[in-house]
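Input: a single structure, listed below in structure tokens.
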């Protein structure tokens, strides 16, 4: 429907973004927040139409899309507020000691924006991780212009959101070029955007192959740039013996819900459940199977995702020694993902890397370990994950330190007696994890700490107070927290 | 003198480091600091011998080496203290809201160490950026074991420092493998260390070619890792018209000192001075030339560096339209760097990339721009820098916003009316800058914020208080700053 952007169009977009960057970064934090809140207003105005369009493009149900749009607006507000409160600026001031030998100069440091950020829309979150989503909100909060590469699976929704952002930009007197929206069905547009010299960072949520390619391009540039790719994960859940014994039924029911939530199309979907062979695990598997059999298959995001799920699910089910535990007994229509549970024993899992791969959809594999040592071995063999979960009693935790340390090594969020689906938008959230869950485990793509992905520190040495940014002036006119001669304070310098 | 480490030795070292990591990271911040302070004690015990050995290996004078060793000890102390005060942990707590729909879980986030860090000794800092230097101190502070690849130009000094660290480790009951020292004259040992699966980060200070190679290896691994390479810079100094008119003589004298400090062997050496053609600039050049002519040539670090200086200096001086302003008139002996100033006009500089390259040693190029617009053009054409300096009056600053923004874009530390040499060790320091000054402009290699290079966040969701790390417990037993429900506080949670 939309034409791919041409090289000329991309160059123009990037030149405008570069120019806008030099104006936007000089605007106050208040102006940035004003712009972000104005995007919220514009999105709210057309929320009904947005949801309707997204429904037509993605197969996602109305309630989910309404919730997701609300979350998108919440993120814009929350990251805007965080931008203004200024903790992310990491303001550090060391005042001069002129009579030291040699004299100690006055040095003041803060985060400044990196420059234009290219964001790739995510197929599974048409609002919250696409055009006005988390990466965009973080980049605007940091002081960076944003160039969106629309996801082709919801290009019209993306176009509508882009119009809302541009309207907000105009009303807030933002510079032309603060935001641009680009279409591209193939990989060429994405590559040109990542390789453009004015691009200073990239945000992406999607597949491993897509994210890794962007990461490689980012590193192969003459001037490498950070590429923050969130590439999904299988989110292992470790069932510890005492906990399993006490609550196999509740655990099974809770996980049947988590595995099939949103037709399993979340990057925090629990794709791997690891227990120790025995009666309790068998009861857990039986209950989980019964629950799954009763879950209605639903349409997946788009035919491509449904097809990929079918293929990967079939490949997984046909691996040596894998047996199918349960498949929904309810009728499956075209493009629907059919809830499925399979099982395999620990040693067969360990020796077959195919089983370590994500099956994006309502599928989970239960691993039957022969003992706790094998469970530790499984943990040690898993790749980096967004989340890991322990289902454990206090005794389980006290007795299994080695396992807990191994599980901690591989994840960004470590959950106890809960499910990994449901990613809270708050400052303490870590949505990121060791490679290949993301390309950079040191940053998060959910929560206001995500702003820091798009900033770098600069130190001002020996500057007159009047020429310093407000954030670093003696008077502390913005009233932000600053580390002054090693002490955190909001006090002015007198 | 020392044999290159074999693959077997490297594997053993890395396995020990991996094991030590799992013990060291569980030790308290207090234990970490104890270990770091104990390294200081051991270094002080043998300080005389260390300085003597470093003098014999590097040609650096006694006073400089004594100062550098003192700085090394200062860094270990300062980063240890910073580790304990816990700001770098970025502790964030959002408490549960069980009656929200859906319930909001308790989430608590903090930084945890990445794992074993490989550090490459720097040729120009045998103490402060080598074996017990800044990268090592930051890694220990973060909770990471360190593997040093000794710089072959001061391998014996490195060996002595390593013995001191190992002694301190033993006295502080650190796990075996917390520190290892490896020799390697060629690139093979370095490559194996960077590519080893247990290596989780790399620190390097040195040449562009060396650093870029490590960066590429780090990204080409199956699991990419961060490589923090500080690769030097030409540290441009912009002389603005009013300031130059008011103080060409003092400025010239100040810069003659900065250019030749330590035989120009600092990564913050001012290699480029940019002014506007005219009487004032001519007077500045004349005075600078006279000063430089009187500076005694001194021995460079080692014959290889002296040879490279000669070659690069000659290449630069023989470029089209470059004229030599001044060369020290004092006798030059073998392996000495001869203080030199050259000049070229703006357009010839802009069209010749050879002149944009660092000449590591006591050399600086004065660029004569035809007007302020050409000066802006020069700023826009420069690559990323560790520092940039403005010599400017208040009027100069007010009238030249475009220039100031362009200069800000390219540097990590932005200095006003001062010299770039002399890197203060303090929290507000930013020693890092856009590529190619470093491989990652978001981090610093001087100051306690450098600790954050070797850590990543983890979020604990729904954990019982007793199983949380002390840093995140309700009681706040360590008394550190934490962001509790969006407010910074040291208060416990009641």
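The values are calculated or read from the model by the stated rules, or taken from the named source; none is laboratory data. These figures come from a predicted structure and were not determined experimentally. Because the Cβ atoms are built from the backbone with ideal geometry, glycine has one as well, and the counts that use them run over all protein chains shown.
In table form, for the structure just shown:
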{"quantity": "Residue match in the stretch A:240-256 (condition: over 19 Å from residue A:289 (Cα atoms), at pLDDT below 95 and part of a loop (DSSP other than H, G, I, E, B))", "calculated": "no"}
{"quantity": "Condition met for residue B:9 (more than 22 Å from residue B:76 (Cβ to Cβ), within 14 Å of chain A (Cβ to nearest Cβ), surrounded by 15 or more Cβ atoms within 10 Å (Cβ to Cβ) and touching a residue at least 40 places away in the same chain (Cβ under 8 Å))", "calculated": "no"}
{"quantity": "Exclusive hit being under 30 Å from residue B:147 (Cβ atoms), at pLDDT below 95, under 19 Å from the mean Cα position of the chain (by Cα) and surrounded by 23 or more Cβ atoms within 10 Å (Cβ to Cβ), set B:232, B:203", "calculated": "B:232"}
{"quantity": "Scope the stretch B:441-475; condition farther than 20 Å from residue B:84 by Cβ and surrounded by fewer than 20 Cβ atoms within 10 Å (Cβ to Cβ); matching residues", "calculated": "B:462, B:464, B:465, B:466, B:467, B:474"}
{"quantity": "Test for residue B:323: is it away from chain A (no Cβ under 14 Å), in contact with a strand residue (DSSP E or B) (Cβ under 9 Å, 6 or more places away or on another chain) and free of Cβ contacts under 8 Å to residues at least 40 places away in the same chain", "calculated": "yes"}
{"quantity": "Single match in B:27, B:14 (criterion: under 28 Å from residue A:402 (Cβ atoms) and surrounded by 21 or more Cβ atoms within 10 Å (Cβ to Cβ))", "calculated": "B:14"}
{"quantity": "Any hit, the stretch A:290-306, residues being within 28 Å of residue A:373 (Cα to Cα) and in contact with a strand residue (DSSP E or B) (Cβ under 6 Å, 6 or more places away or on another chain)", "calculated": "no"}
{"quantity": "Residue list for the stretch B:337-371, restricted to those being assigned to a helix (DSSP H, G or I) and within 19 Å of residue B:283 (Cβ to Cβ)", "calculated": "B:346"}
{"quantity": "The stretch A:293-315: number of residues that are touching a residue at least 60 places away in the same chain (Cβ under 8 Å), closer than 30 Å to residue A:250 by Cα and part of a helix (DSSP H, G or I)", "calculated": "0"}
{"quantity": "The stretch A:476-494, residues that are surrounded by fewer than 23 Cβ atoms within 10 Å (Cβ to Cβ) and in contact with a helix residue (DSSP H, G or I) (Cβ under 8 Å, 6 or more places away or on another chain)", "calculated": "A:477, A:478, A:480, A:481, A:483, A:486, A:488"}
{"quantity": "Counted residues, the stretch B:206-226 - those being buried (at least 20 other Cβ atoms within 10 Å of the Cβ) and under 22 Å from residue B:387 (Cβ atoms)", "calculated": "3"}
{"quantity": "So residue B:34, is it more than 14 Å from chain A (Cβ to nearest Cβ) and at pLDDT 95 or above", "calculated": "yes"}
{"quantity": "Residue count for the stretch B:235-275, restricted to those that are surrounded by 21 or more Cβ atoms within 10 Å (Cβ to Cβ) and over 21 Å from the mean Cα position of the chain (by Cα)", "calculated": "14"}
{"quantity": "Lone qualifier among B:99, B:94 - being away from every other protein chain (no Cβ under 12 Å) and more than 21 Å from the chain's Cα centre (by Cα)", "calculated": "B:99"}
{"quantity": "The stretch A:103-156, subset within 14 Å of chain B (Cβ to nearest Cβ) and out of contact with any helix residue (DSSP H, G or I) (no Cβ under 7 Å at 6 or more places or on another chain), residue surrounded by the fewest Cβ atoms within 10 Å (Cβ to Cβ)", "calculated": "A:103"}
{"quantity": "Odd one out for residue A:286 among (1) modelled with pLDDT of 95 or more; (2) closer than 23 Å to residue A:232 by Cα", "calculated": "(2)"}
{"quantity": "Unique match (being surrounded by fewer than 24 Cβ atoms within 10 Å (Cβ to Cβ) and either in contact with a helix residue (DSSP H, G or I) (Cβ under 7 Å, 6 or more places away or on another chain) or in a helix (DSSP H, G or I) (or both)) among B:65, B:76", "calculated": "B:65"}
{"quantity": "Boolean, residue A:86 is under 30 Å from residue B:415 (Cα atoms) and at pLDDT 95 or above", "calculated": "yes"}
{"quantity": "Sole residue being more than 9 Å from chain B (Cβ to nearest Cβ) and closer than 23 Å to residue A:152 by Cβ, chosen from A:59, A:77", "calculated": "A:59"}
{"quantity": "Residue under evaluation residue A:225, criteria (1) within 14 Å of chain B (Cβ to nearest Cβ); (2) over 30 Å from residue B:212 (Cα atoms), criterion not met", "calculated": "(2)"}
{"quantity": "Residue in the stretch B:354-366 that is over 29 Å from residue B:445 (Cα atoms), over 23 Å from the mean Cα position of the chain (by Cα) and either surrounded by fewer than 14 Cβ atoms within 10 Å (Cβ to Cβ) or at pLDDT below 95 (or both) present", "calculated": "no"}
{"quantity": "Residue in the stretch B:331-341 that is more than 31 Å from the chain's Cα centre (by Cα) and either over 22 Å from residue B:372 (Cα atoms) or at pLDDT 95 or above (or both) present", "calculated": "yes"}
{"quantity": "Test: residue in the stretch B:286-302 that is within 25 Å of residue B:383 (Cβ to Cβ), buried (at least 17 other Cβ atoms within 10 Å of the Cβ), away from chain A (no Cβ under 14 Å) and out of contact with any helix residue (DSSP H, G or I) (no Cβ under 6 Å at 6 or more places or on another chain)", "calculated": "no"}
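Table: residues versus (1) in contact (Cβ under 8 Å) with a residue 60 or more places away in the chain; (2) crowded, with 18+ Cβ neighbours inside 10 Å; (3) farther than 15 Å from residue B:39 by Cα; (4) touching a strand residue (DSSP E or B) at 6+ places or on another chain (Cβ under 7 Å).
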{"residue": "B:161", "(1), (2), (3), (4)": "yes, yes, no, no"}
{"residue": "B:169", "(1), (2), (3), (4)": "yes, yes, no, yes"}
{"residue": "B:176", "(1), (2), (3), (4)": "yes, no, yes, no"}
{"residue": "B:184", "(1), (2), (3), (4)": "yes, yes, yes, yes"}
